[in-house]
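Below is one structure; the comments refer to it alone.
The values are calculated or read from the model by the stated rules, or taken from the named source; none is laboratory data. None of these values were measured; they are calculated from a predicted model. Counting neighbours? That spans all protein chains shown, and the Cβs are built from the backbone with ideal geometry, glycine included.
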Amino acid sequence: MLTMLLATILIEYGVLLMFGERSRRVLLSSVVVNVLTNVPLNYVFLSLPGPIGIKELLVAEALIIIIEALWYYVVCRLPVGRASVYSALCNAISFLTGVIVQSLLLLFEIPIIY
């Protein structure tokens, strides 16, 4: 679980930097909000007895995007539009990166370590 959290934090922090964000409040907030959302999400998903369906995964990701956008809006005092774009882009890029990495690991039969 720590590996997934660290990867998410690094990816989303990097996305914010690529979009020109330099505010320490926003960058630090991205770390905090990812700890608050990523850990519970992965804990729930990893404790489920069976595989996670696409519908459940998309609903969870949508909730995370909303929570993180609200966080950026309230804590960082970003405009609603910017908070929403940051949250959506950061989560989409980190989610897609995870899908690509897991697909490559499966393709090359490398064990996935959670």
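Structure values in brief
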| quantity | calculated |
| --- | --- |
| Residue 47 vs. criteria in contact (Cβ under 8 Å) with a residue 40 or more places away in the chain and hydroxyl-bearing (Ser, Thr, Tyr) | no |
| Residue 105 being farther than 14 Å from residue 11 by Cβ and surrounded by fewer than 16 Cβ atoms within 10 Å (Cβ to Cβ) | yes |
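Per-residue answers, yes or no, for (1) surrounded by 13 or more Cβ atoms within 10 Å (Cβ to Cβ); (2) at pLDDT below 95; (3) among the polar types (S, T, N, Q):
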{"site": "4", "(1), (2), (3)": "yes, yes, no"}
{"site": "13", "(1), (2), (3)": "yes, no, no"}
{"site": "29", "(1), (2), (3)": "yes, no, yes"}
{"site": "37", "(1), (2), (3)": "yes, no, yes"}
{"site": "41", "(1), (2), (3)": "yes, yes, no"}
{"site": "58", "(1), (2), (3)": "no, yes, no"}
{"site": "75", "(1), (2), (3)": "yes, no, no"}
